[in-house]
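Please treat every number below as a calculation from the coordinates, not as lab data. All values reported here derive from a predicted model rather than from experimental measurement. Glycine gets a Cβ as well: all are built from the backbone with ideal geometry, and neighbour counts include every protein chain shown.
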Amino acid sequence: MRTIRILQEHVRISDPHITSDNAERLSMLGNVFEPLMRANEDGSFSACLADSWHLSEDARTWSFSIMEGKRFHDGSPVTTGDVVFSLCRMRDEDIPGELGTSGVIRGYLQGATIKSNGHNVTISTSVPMADLADLLSEIPILSEASVAALPDAFIGTGGFKISKVEDDQVVLESSETRLIWQAEPDPNVRFMAVQNGFADVAAKLATRHAQSNAVRIHRSATTVCATFMLNFDAKHAQNPYLRRAINLAVDVDSLVQDVMFGAADPLTGPLTQRHLGFDPAVPAWPFDPKAAQKELVRGKCLGADVVIDIPAILPDEAPLLAERVAAYLAAIGLNPSIRKDEDRPGYAMRVRNREIGTMACFDSSPGSTFRVFWEKFHSGFAGPWWLGYTNVAFDALVDRARSTSTLEARRTLYREAYALLRNDAPWLFLYSPQRLSAIGPELSDWSPSTGGLLLF
């Protein structure tokens, strides 16, 4: 049997329906469980447990044809009942949801009618949800009969079964391959383990490893956006001159090189190259301190106090980013100050409660364009990260997109919304960090999947 050893920061696994959007756990469980379909880089989907699907013209009803002959690891057949059960379980308020995907999906599925008919499963929503497939592609399908055994048994339909679970190691096995997932918190040790032949894959490397030639480094584009969100409860954020000045004042390309060692892609808006509606033709804000100063003068906000709130980690480079951004803002005539919160959950709660200053550093990660636009910028959403931004034209584009059943038509609408946000500059858009993996010579024909997930 072929053995592949993978080192990553943590190897904790849990009930797949309460697992957050943590890439490490999603990698392990992604080899054990399967969703209805998997997302592709271009916004389309590939068949998994469903071999076909259809969205009604009014964008309210999704229909899925469940593939025949699929079986769970215990030999039981995959039924439409298992699919309905899994989808309904994701919205069960008695199932604890972590901060991340699981808790979000619950909200979107509340009130939906989910039922089976023969080999088909239908999901009908009370409002148009053309992009619901983005979320459904993240829901693993479990055997209803096996759920009672969680978290001691993990029975899915993926290519691997879990054979051993320990504090620092999880072993997955297929008929031909054994995957040993081992915990190693130090990224340097993970990297050296591949270099010296102990491990075959090292996940989530430090950005400085991007420039190494010692082993093959795979760079995966992610949907993570490192940004400074502007608080529209603060008077200065309402001033478009100040917002433009902030975006003109910061040399994003320099931050990518100096802070991220080149292991990031500069942003021109709130979408990455992996998002539906990303438009490479939309230009970045130029680094132009003189133009930034002119904007401050026009907006009568020269010398304005700017309070920058940051968490200690996530992104890990947040303190350094804050220092660099503050220096850029001071150089154009603003008066920045930094407040650091060592408590990540407490920081998130302060953002939620709108208890931040002018700007707040955060790493936003939804893979769904609709989620990015709806949850972060649409005035009709009053959720955790909404910071008071209102743009009627933008709202109208997003509302049209969620009611449009054709993928390409939605892409066009989202591109319009994307360009509008870039020009209105509601946030300081910085970069999308790449997910770095070191890969040994025994896996010369293998690379991580979409988003850097380690699927074998």
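Out of the DSSP beta bridges found with both residues in the chain, what percent are antiparallel (nearest 5)?
Bridges in the chain that DSSP calls antiparallel: roughly 75 percent.
Excluding A304 itself, calculate the net charge of residues whose Cβ lies under 14 Å from the Cβ of A304, where each Lys or Arg counts +1 and each Asp or Glu counts -1.
+3
Using only helices, what value at 222 nm comes out for the chain when you add -39,500 (n - 2.57) per DSSP H run of length 4 or more and divide by the total residues, to the nearest 500 deg cm²/dmol?
My calculation for the chain gives -8500 deg cm²/dmol from helical runs alone.
Please report the base-10 log of the normalised intensity I(q)/I(0) for the stretch 33-157, using a Debye sum with one equal scatterer per alpha carbon and no solvent, at each q in 0.12, 0.14 (1/Å).
Listed by q, the Debye log ratios stand at -0.42, -0.58.
Could you tell me the relative contact order of the stretch 1-57? Use alpha-carbon pairs under 8 Å, at least six residues apart, and round to a whole percent.
20 percent
Taking every eigenvalue of the Cα gyration tensor of the chain, multiplying by 5 and rooting it, what semi-axes result, largest first, whole Å?
Each semi-axis is √(5λ); the values are 38, 28, 18 Å.
Once you list every other residue whose beta carbon is under 10 Å from the beta carbon of G388, what net charge do they have if Lys and Arg are +1 and Asp and Glu are -1?
The answer is 0.
Rounded to whole Å and sorted largest first, list the principal axis extents of the Cα atoms in the stretch 312-456.
Computed over the stretch 312-456, the largest-to-smallest principal extents equal 53, 41, 30 Å.
Would you work out the charge dipole size for the chain about its Cα centre, treating the Cβ of every Lys and Arg as +1 and the Cβ of every Asp and Glu as -1, and quote it to the nearest 20 debye?
In debye, rounded to 20, the chain gives about 1000.
Out of A318, P266, T390, whose Cα points farthest toward the positive end of the dipole of the stretch 225-433 (charges: +1 Lys, Arg; -1 Asp, Glu; placed on Cβ)?
T390
What does the charge add up to near S444, with Lys and Arg as +1, Asp and Glu as -1, over the other residues with Cβ less than 15 Å from its Cβ?
-1
Dividing the alpha-carbon Rg of the stretch 76-220 by 2.2 N^0.38 Å yields what?
Normalised Cα radius of gyration, the stretch 76-220: 1.35.
If you count, for each residue, the other Cβ atoms within 10 Å and average over each peptide, how do 144-153, 415-424 line up from highest to lowest?
Top of the packing list down: 415-424, 144-153.
Going Cα to Cα from K340, which lysines come in below 27 Å? Please leave out same-chain ones fewer than 8 positions away.
Filter leaves K204, K235, K376.
Sorting check: for 407-413, 426-432, 196-202, which peptide has the highest mean count of neighbouring beta carbons within 10 Å, and how do the rest follow?
So the peptides 407-413, 426-432, 196-202, ranked by packing, come out 426-432, 196-202, 407-413.
For S14 and N188, compute 0.36 nm times the residue count separating them, minus their Cα-Cα distance, and round to one decimal in nm.
This chain segment gains 60.0 nm when fully extended.
Order of 330-337, 31-38, 357-364 by packing, highest average Cβ count within 10 Å first?
Taking the mean over residues of other Cβ atoms within 10 Å, the ranking is 357-364, 31-38, 330-337.
Cα centroid distance between the stretch 169-228 and the stretch 380-454, in Å?
The stretch 169-228 and the stretch 380-454 have Cα centres separated by 25 Å.
Counting only complete DSSP H runs, which helices of the chain cover 15 Å or more along their long axis at the Cα atoms and score a mean Kyte-Doolittle of 0.0 or above?
80-90, 318-331, 392-402
What is the list of residues in the stretch 139-155 whose amide nitrogen lies under 20 Å from a point 7 angstrom out from the Cα of D94, following Cα to Cβ?
It comes to 142-153, nothing else.
How would you classify the stretch 364-424 from its alpha-carbon gyration tensor, with a ≥ b ≥ c the square roots of the eigenvalues: rounded for a/c under 1.5, else prolate if a/b is greater than b/c, otherwise oblate?
Since a/c reaches 1.5 and a/b is larger than b/c, the shape of the stretch 364-424 is classed as prolate.
Between A396 and L320, how many nm apart are label points set 7 Å from Cα along the C-beta direction?
Modelled inter-label distance: 4.5 nm.
Viscosity 0.692 mPa s, temperature 37 °C: give me the Stokes-Einstein translational D for the stretch 284-358 in µm²/s, with Rh taken as the Kirkwood radius over C-alpha pairs.
My calculation gives 243 µm²/s for D.
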